[in-house]
Amino acid sequence: MEKTAIFSKEYAAQLDQADPIRSYRERFHLPIQPNGETYVYLCGNSLGLQPKSTEKYIQQELEDWKKWGVEGHFHAKNPWMPYHEFLTKKMARVVGAKPIEVVVMNTLSVNLHLLMVSFYRPTPERYKILIESDAFPSDKYAVKSQLKFHGYEADGLIELRPRSGEELLRQEDIDQLIDEQGDQIAMIMLGCPNYYTGQVFDMKHIAEKGHAKGCVVGFDLAHGAGNLKPQLHDSGIDFAAWCTYKYLNSGPGSVGGCFIHERHAHNLDLPRFAGWWGHNKDTRFNMRYDFDPIPGAEGWQLSNPPILSLAAILASLDIFDEVGMDALVAKSKKLTGYLEDLVHEIDDPRINIITPADPQERGCQLSLQVKDADKKLFDAISEKGVIADWREPDVIRIAPAPLYNSFSDVYRFARILREELVESKK
Ligand SMILES: *Cc1c(COP(=O)(O)O)cnc(C)c1O
């Protein structure tokens, strides 16, 4: 096809026809505009859409609660006592981990703190924390408060900053920093991908580098889980945490996921904050025993989990299990590649894609930097039915989620963007 032909409804429709997993879109509720059309929903990196099956999964638990009361812990169709275990293998497959390394519990910022209790063990010689300068605010608050909690000053935070005039971090600069200052760094904790730029880091490489210098290495996968194939076990990182309401479509504020590498599974020397749900299942209800942690990530649980939230996660994970991350990522590369091509076609100097051009260094999100931080453009496309997200100072984040977004969605977005750019030139 000739170059400009890609910017057409027909071309997008052809790509949809050729998409082997296009039918999954029908399994989701797509928000509808007042005019009856669906919104162009490109915000799955913020809140994923609701699977149509979720209602049934939650309804089941409401029914069993009605029917059984407390006995539902044992007699519900999916007994509540081991309910979190129904999620473990499926979640492990999503993030490329072994079941012993994964647990679904709490929420993301809470889990980051619990993991830092165990993995951020500063000493006067080695107390620093390495993070991206544009890390998600909650992660920054969390690491700064950990420094303070341990009695260290703000100088304990080392921020990885792109070179001046650049938006992305260079691997060689990360390496150099670890080489030079690694002896003082207790913990490296980065977002993969970075929520703002969409840049994916080489976790395995950073783990090797960090470990060689004696640092603990953890990642925040809020934007990675259900988007990338992070291969957490093989990456060798020590820990990770993520939420499930972004790409994993489990509903607002739903429970998060945790990874603790197998090499720590039986280490009873690691300090941790303990609760009864992390205790040996055989003696959990005989409450007189000393804390005897379950080996692996499960041993970090504190409370009995919110079943209604886990039911929504199970509904979602069953879909992920069916489609598989390989098929999702294969589509994702094409879908985001199409978005990139269309933005290049528009070829307007006011729009600059800051996300890496190399598909290996990004997930589905593209971050469009808008010249002069003109938020009017974002407001205008929102008015036309695009749901995306504006991040200060000057970025529109567009995330076509391969599970439910179509090539036609991407086309509709690009057409609206082009119209508004032309309109605002007048
Ligand atoms: C979404 C997100 C959070 C949100 O944390 P919650 O504890 O779930 O509210 C934190 N960190 C990153 C990197 C995120 O993308």
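The values are calculated or read from the model by the stated rules, or taken from the named source; none is laboratory data. All of these numbers come straight from a predicted model, not from anything done at the bench. For neighbour counting, all protein chains shown are included, and Cβ atoms are generated from backbone atoms with ideal geometry for every residue, glycine included.
Please determine, by comparing only the residues of segment 123-139 that are buried (at least 18 other Cβ atoms within 10 Å of the Cβ) and of a type outside the set (Val, Ile, Thr), which one is farthest from Phe273 (Cα to Cα). Reasoning before the result, please.
At the first step, the residues of segment 123-139 found to be buried (at least 18 other Cβ atoms within 10 Å of the Cβ) are 127-132, 134-136, 139.
So of that shortlist, the ones also of a type outside the set (Val, Ile, Thr) come out as 127-128, 130, 132, 134-136, 139.
Values: Tyr127: 20, Lys128: 22, Leu130: 23, Glu132: 27, Asp134: 29, Ala135: 26, Phe136: 25, Asp139: 19 Å.
Among residues in segment 123-139 that are buried (at least 18 other Cβ atoms within 10 Å of the Cβ) and of a type outside the set (Val, Ile, Thr), the one farthest from Phe273 (Cα to Cα) is Asp134.
Out of the residues in segment 333-350 that are of a type outside the set (D, E, K, R) and surrounded by fewer than 18 Cβ atoms within 10 Å (Cβ to Cβ), which is nearest to Asp409 (Cα to Cα)?
Gly337
Would you point out which residue out of Ala241, Ala297, Ala265 is among the hydrophobic types (A, V, I, L, M, F, W, C) and more than 30 Å from Ile58 (Cβ to Cβ)?
None of the others qualify; the one that does is Ala265.
Which residue is nearest to Trp277 (Cα to Cα), if the candidates are limited to segment 49-80 and must be loosely packed, with under 15 Cβ neighbours inside 10 Å and among the aliphatic types (A, V, I, L, M)? Steps first, please.
From segment 49-80, those loosely packed, with under 15 Cβ neighbours inside 10 Å are 52, 55-56, 59, 62-63, 66-67, 69-71, 74-75, 77; that's our starting set.
Checking the rest, the ones that are also among the aliphatic types (A, V, I, L, M) come to 62, 70.
Values: Leu62: 22, Val70: 17 Å.
Once the filter is applied, the top-ranked residue is Val70.
What do you reckon, is Ala92 crowded, with 21+ Cβ neighbours inside 10 Å, touching a residue at least 12 places away in the same chain (Cβ under 8 Å) and hydrophobic (A, V, I, L, M, F, W, C)?
no
Please go through segment 355-383 and pick out each residue that is farther than 22 Å from Tyr24 by Cβ and touching an Asp or Glu at 6+ places or on another chain (Cβ under 7 Å).
Gln369, Val370, Ala373, Leu377, Ala380, Ile381
So for segment 41-54 (the condition being more than 16 Å from the ligand (Cβ to nearest atom), at pLDDT 95 or above and either part of a helix (DSSP H, G or I) or acidic (Asp, Glu) (or both)), does at least one residue qualify?
yes
Out of all the residues in segment 178-226, which are of a type in the set (S, T, N, Q) and within 11 Å of the ligand (Cβ to nearest atom)?
Within segment 178-226, just Asn194 meets the criteria.
Restrict the check to segment 207-216 and report whether at least one residue is under 20 Å from the mean Cα position of the chain (by Cα), in contact (Cβ under 8 Å) with a residue 12 or more places away in the chain and surrounded by 13 or more Cβ atoms within 10 Å (Cβ to Cβ). Walk me through it before giving the result.
Taking segment 207-216 as the starting set, the residues that turn out to be under 20 Å from the mean Cα position of the chain (by Cα) are 207.
Now restrict to residues that are in contact (Cβ under 8 Å) with a residue 12 or more places away in the chain: 207.
This time we only want the ones that are surrounded by 13 or more Cβ atoms within 10 Å (Cβ to Cβ), so: 207.
There is at least one residue in segment 207-216 that is under 20 Å from the mean Cα position of the chain (by Cα), in contact (Cβ under 8 Å) with a residue 12 or more places away in the chain and surrounded by 13 or more Cβ atoms within 10 Å (Cβ to Cβ).
Can you say whether Gly198 is surrounded by 15 or more Cβ atoms within 10 Å (Cβ to Cβ) and at positive phi, as far as the supplied structure shows?
Yes: the conditions hold for Gly198.
Given the condition β-branched (Val, Ile, Thr) and not in a loop (DSSP other than H, G, I, E, B), answer yes or no: does some residue in segment 216-236 qualify?
Yes, segment 216-236 contains a residue that is β-branched (Val, Ile, Thr) and not in a loop (DSSP other than H, G, I, E, B).
Hey, among Ala315, Ala240, Ala311, which residue is in contact with a Cys (Cβ under 9 Å, 6 or more places away or on another chain) and either part of a strand (DSSP E or B) or under 19 Å from Ala92 (Cα atoms) (or both)?
Details: Ala315 fails: in contact with a Cys (Cβ under 9 Å, 6 or more places away or on another chain); Ala311 fails: in contact with a Cys (Cβ under 9 Å, 6 or more places away or on another chain).
Result: Ala240 is the single residue among Ala315, Ala240, Ala311 that is in contact with a Cys (Cβ under 9 Å, 6 or more places away or on another chain) and either part of a strand (DSSP E or B) or under 19 Å from Ala92 (Cα atoms) (or both).
Kindly establish whether Thr244 is more than 30 Å from Asp358 (Cβ to Cβ) and either within 15 Å of the ligand (Cβ to nearest atom) or β-branched (Val, Ile, Thr) (or both).
Values: more than 30 Å from Asp358 (Cβ to Cβ): no; either within 15 Å of the ligand (Cβ to nearest atom) or β-branched (Val, Ile, Thr) (or both): yes.
In short, no.
Would you check if Gly36 is buried (at least 19 other Cβ atoms within 10 Å of the Cβ) and under 30 Å from Ala380 (Cβ atoms)?
In short, no.
What are the pairs, 6+ residues apart or on separate chains, where a residue within segment 314-325 that is more than 20 Å from Pro79 (Cβ to Cβ) has its Cβ under 7 Å from a residue that is hydrophobic (A, V, I, L, M, F, W, C) and assigned to a helix (DSSP H, G or I)?
Correct list of pairs: Phe320/Val94; Met325/Val94.
Could you please find all residues in segment 108-155 being of a type in the set (Gly, Ala, Ser) and under 17 Å from Gly210 (Cβ atoms)?
Keep residues of segment 108-155 that are of a type in the set (Gly, Ala, Ser), which gives 109, 118, 133, 135, 138, 142, 145, 151, 154.
Ser118, Ala135 - these are the residues of segment 108-155 that are of a type in the set (Gly, Ala, Ser) and under 17 Å from Gly210 (Cβ atoms).
Which of the following residues is aliphatic (A, V, I, L, M) and either surrounded by 14 or more Cβ atoms within 10 Å (Cβ to Cβ) or assigned to a helix (DSSP H, G or I) (or both): Ala330, Ala357? Please lay out each step first, then the result.
Details: Ala357 fails: either surrounded by 14 or more Cβ atoms within 10 Å (Cβ to Cβ) or assigned to a helix (DSSP H, G or I) (or both).
Within the list Ala330, Ala357, the selection yields Ala330.
When you go through Ala154, Ala225, Ala241 one by one, which is the residue that is at negative phi, aliphatic (A, V, I, L, M), free of Cβ contacts under 8 Å to residues at least 60 places away in the same chain and not assigned by TED's automatic domain parsing to the domain that holds Gly337?
The match here is Ala154.
Sort out which residues of segment 21-68 are in contact (Cβ under 8 Å) with a residue 24 or more places away in the chain, of a type in the set (A, V, I, L, M) and closer than 21 Å to Asp409 by Cβ, and write them in order of number.
Ile21, Leu30, Val40, Leu42, Leu47, Leu49
If you scan segment 129-151, which residues turn out to be closer than 15 Å to Leu190 by Cβ and more than 25 Å from the chain's Cα centre (by Cα)?
Hits for segment 129-151: nothing passes.
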